[in-house]
Amino acid sequence: MHYDYDFVIVGGGMVADAAAKGIREQGSSGSIGIVGEERTAPFPRPALSKKLWTDPDFTFEDAALDTAEETSATLHLGTPVTSVSPDTRTVTTSAGDTFGYGRLLLATGGRPRRLDGLDPSERVLYFRTLQDYQRLRELSRARPEVVVVGGGYIGSEIAAALSQHDCPVTIVHPDQVLGGAMFPPSLADSFQARFDDAGVRRAPGMKVTSGQQDGEHVVVHLSDGSSIRADVVVIGLGIEPAGDVVDGVVRRSEDGGIVVDEHLRTSVADIYAAGDVAQYPDRILGRRRVEHVDNADSMGGAVGRIMAGSEETYDHTPMFYSDVLGLGYEAVGTLDSSLETVLDPVDDPEGGMVVYYLDDTAVRGVLLWDGAGDLDAARELLARGDRPEDASTLRGSVR
C-alpha cells in the first residue's frame, strides 16, 4: 500500500511523540504518519526501569503519552522501514509499503548491543521496550534467578528493581566497584553498598564472553572462565545507533549516528534527525550524540517545531538521571572517575553531594548526588569552558 503524509516520522519512541506534539505546538495542521518498528505506541522508556517497578500506584495509563489522541497522528506500528529515497520522497517498509513525505524525521533511536550466543528469547531480554518490561514483569512473579549483564544505568536500575520484587539477582559488571567508572571512590562504595544491602550478588571485574540457552535455563560464560546458570538473563550494555536505514543517503558520524546541523537538518533537504541517533552541535560540550530522555524530549519537541516552520536552533545540553534503591542523582556533562574530582558535601542529613569533574583545561561534568545542587547553575559552570587554578574553590558553585 502507499500512504502520503505532510510529515513522516520514522521511529516510534519518545522523540516521535515529542516531535508530533511540536508540530502541533507550532500551529501546523498537516498530516503526520509515525512509522515505528516497535509494536506498541510511543511510551516513556525511563518508567520501564524505574517507576513502574517502584511505585505500586503508578500505572501504564499514568505513563501513557497519548500521541495519537493528542496530535491526530496515524501510527503504523510493527512496521520496520528498510530504505529512504530522497528522489521520490518516500520511505519503504519491510512489507513493501511506501510512505510519501513532505518532510521526514529520522527518529530511529538505537538497537541494544548483543552478546555472542545469546539471541533474544523468552528468557534472554535485551531490555529496551515496553514488551521487554511486560515480559520481565511476568517472569518476575515466579521469583526467578536472574543474571543482569551490565552495571550502567539500565543494568543497575533493573538489578535494583528486581531485588525489590524478591528476585535473586546477580549483576555482572566490569568495574571492581559498581559505579566505579562514573563516581569517585567514596560515592562508588556507597552506591555499591546499597546493592549489597539489598541482597544483590555481584560478579565484579567481569564481562560475559558468551552464553547459551539450556532448556528453561540460560548459561552465561564469564571472562575469568567461570559460568553462571540462571532462569532469566537481562542484558543492558547500551545501544548502537540505528542509522543503517539511511546508509548512503545522509551524512553519518563515525559511530553510526546521523549528523545534523543546529536546525536538526541532515545533509539532505527536508530530512531531519533527532534523539539517540542524531549527532548535533551542543553549545557547551561540542558536537555529540546523547542517549538520555531529556535530549529525546527537548530535541523531539524542537525538531517538530522546526519541521513545521520554526526558525529556532537546538543546542541544548541535556541532563541525565537515575533512581536506585532510594538514591537519586542527576548530572550534566561527563562523569568519568579517571578525571580530577572535587567533592562538595551539602549540609544535608541525607548525604547530598555535588561532584565536579575536571580535566587540565575545564570543568567537564557535574554530578548532583541525592538531591544536591542546581542543574542550571551546573550548566552555566560548564559553559564557562575553564577551570580555576585552585579546583577546591569550585565548592559552593552550584548551590
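The values are calculated or read from the model by the stated rules, or taken from the named source; none is laboratory data. All of these numbers come straight from a predicted model, not from anything done at the bench. Virtual Cβ from ideal backbone geometry, glycine too; neighbours counted across all protein chains shown. Each accessible area value is taken on the protein alone, full model and side chains, heavy atoms only, with ligands, DNA and RNA left out. Shrake-Rupley method; radii C 1.70, N 1.55, O 1.52, S 1.80 Å.
Which residue pairs have Cβ atoms under 9 Å apart, sit 6 or more places apart or on different chains, and have a first residue in segment 222-238 that is on the phi > 0 side of the Ramachandran plot and a second that is among the charged types (D, E, K, R) and in a loop (DSSP other than H, G, I, E, B)?
Gly238/Arg113; Gly238/Glu291
Tell me the residue from Thr313, Thr334, Thr361 that is without any contact (Cβ under 8 Å) to a residue 60 or more places away in the chain, in contact with a His (Cβ under 8 Å, 6 or more places away or on another chain) and surrounded by fewer than 19 Cβ atoms within 10 Å (Cβ to Cβ), please.
None of the others qualify; the one that does is Thr313.
Residue by residue, here is whether (1) under 30 Å from Ala274 (Cα atoms); (2) small (Gly, Ala, Ser) holds:
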| position | (1), (2) |
| --- | --- |
| Met206 | no, no |
| Gly215 | no, yes |
| Val233 | no, no |
| Asp244 | yes, no |
| Val260 | yes, no |
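Since Ser267 meets every condition but one in (1) touching a Phe, Trp or Tyr at 6+ places or on another chain (Cβ under 6 Å); (2) free of Cβ contacts under 8 Å to residues at least 40 places away in the same chain; (3) among the small types (Gly, Ala, Ser), which condition does it not meet?
Just one mismatch for Ser267, condition (1).
Which numbered condition trips up Glu291, out of (1) surrounded by fewer than 19 Cβ atoms within 10 Å (Cβ to Cβ); (2) touching a helix residue (DSSP H, G or I) at 6+ places or on another chain (Cβ under 9 Å); (3) in a strand (DSSP E or B)?
Failing condition for Glu291: (3).
Within segment 78-129, which residues are of a type in the set (D, E, K, R) and either surrounded by fewer than 19 Cβ atoms within 10 Å (Cβ to Cβ) or over 26 Å from the mean Cα position of the chain (by Cα) (or both)? Please lay out each step first, then the result.
Pass one, segment 78-129, residues of a type in the set (D, E, K, R): 87, 89, 97, 103, 111, 113-114, 116, 119, 122-123, 128.
Listed by number, the residues that qualify are Asp87, Arg89, Asp97, Arg111, Arg113, Arg114, Asp116, Asp119, Glu122.
Is it the case that segment 143-164 has a residue that's farther than 23 Å from Lys51 by Cα and surrounded by fewer than 22 Cβ atoms within 10 Å (Cβ to Cβ)?
No: zero hits.
Here are some conditions: (1) open to solvent by 40 Å² or more (accessible area, probe 1.4 Å); (2) over 24 Å from Arg135 (Cβ atoms); (3) over 22 Å from the mean Cα position of the chain (by Cα). Asp214 meets all but one. Which one does it not meet?
So Asp214 meets the others, but not (2).
If you check every pair at least six apart or on different chains, which have Cβ atoms under 8 Å apart with a residue in segment 20-37 that is among the acidic types (Asp, Glu) first and a residue that is not in a loop (DSSP other than H, G, I, E, B) second?
Glu25/Gly301; Glu25/Gly304; Glu25/Arg305; Glu37/Val81
Do we find that Arg305 is of a type in the set (Lys, Arg), crowded, with 20+ Cβ neighbours inside 10 Å and either closer than 21 Å to His263 by Cβ or in contact with a Leu (Cβ under 7 Å, 6 or more places away or on another chain) (or both) in this structure?
Yes, satisfied.
For segment 360-371, check the following and say yes or no: at least one residue is in contact with a Lys or Arg (Cβ under 7 Å, 6 or more places away or on another chain) and in a strand (DSSP E or B).
Scanning segment 360-371 turns up at least one residue that is in contact with a Lys or Arg (Cβ under 7 Å, 6 or more places away or on another chain) and in a strand (DSSP E or B).
From the residues in segment 243-264 that are open to solvent by 40 Å² or more (accessible area, probe 1.4 Å), at pLDDT below 95 and part of a loop (DSSP other than H, G, I, E, B), which one is nearest to Leu106 (Cα to Cα)? Steps first, please.
As a first pass, look at segment 243-264 and keep what is open to solvent by 40 Å² or more (accessible area, probe 1.4 Å): 244, 247-248, 251-252, 254-255, 262.
Subset that is at pLDDT below 95: 244, 247-248, 254-255.
Within this subset, residues satisfying the condition of being part of a loop (DSSP other than H, G, I, E, B) are 247-248, 254-255.
Details: Asp247: 12, Gly248: 14, Glu254: 18, Asp255: 16 Å.
Applying the filter and picking the extreme gives Asp247.
Mind checking which residues of segment 197-215 are among the acidic types (Asp, Glu) and either under 20 Å from Asp323 (Cβ atoms) or not in a strand (DSSP E or B) (or both)?
The one that is among the acidic types (Asp, Glu) and either under 20 Å from Asp323 (Cβ atoms) or not in a strand (DSSP E or B) (or both): Asp197.
May I ask you to say which residue of Leu368, Leu382, Leu375, Leu327 is over 28 Å from Asp196 (Cα atoms) and open to solvent by less than 20 Å² (accessible area, probe 1.4 Å)?
Leu382
Sort through Pro281, Pro345, Pro318 and tell me the only one that's open to solvent by less than 50 Å² (accessible area, probe 1.4 Å) and either under 21 Å from Phe191 (Cβ atoms) or under 18 Å from the mean Cα position of the chain (by Cα) (or both).
Pro318
Which of the residues that make up segment 116-168 are among the hydroxyl-bearing types (Ser, Thr, Tyr), part of a helix (DSSP H, G or I) and farther than 30 Å from Leu335 by Cα?
Ser140
Restricting to segment 176-196, give me the number of residues that are assigned to a helix (DSSP H, G or I) and free of Cβ contacts under 8 Å to residues at least 40 places away in the same chain.
Matching residues across segment 176-196 total 4.
Looking at (1) surrounded by fewer than 17 Cβ atoms within 10 Å (Cβ to Cβ); (2) under 17 Å from the mean Cα position of the chain (by Cα); (3) of a type in the set (Gly, Ala, Ser), can you tell me which one Ala269 breaks?
So Ala269 meets the others, but not (2).
When Ile34 is evaluated against the numbered criteria (1) open to solvent by less than 10 Å² (accessible area, probe 1.4 Å); (2) over 27 Å from Ala95 (Cβ atoms); (3) of a type in the set (Val, Ile, Thr), which criterion, by number, is the only one it fails?
For Ile34, the exception is condition (2).
Would you mind telling me which numbered condition in (1) farther than 17 Å from Ser186 by Cβ; (2) touching a strand residue (DSSP E or B) at 6+ places or on another chain (Cβ under 7 Å) Glu340 fails?
Evaluating Glu340 over (1) farther than 17 Å from Ser186 by Cβ; (2) touching a strand residue (DSSP E or B) at 6+ places or on another chain (Cβ under 7 Å) leaves (1) as the failure.
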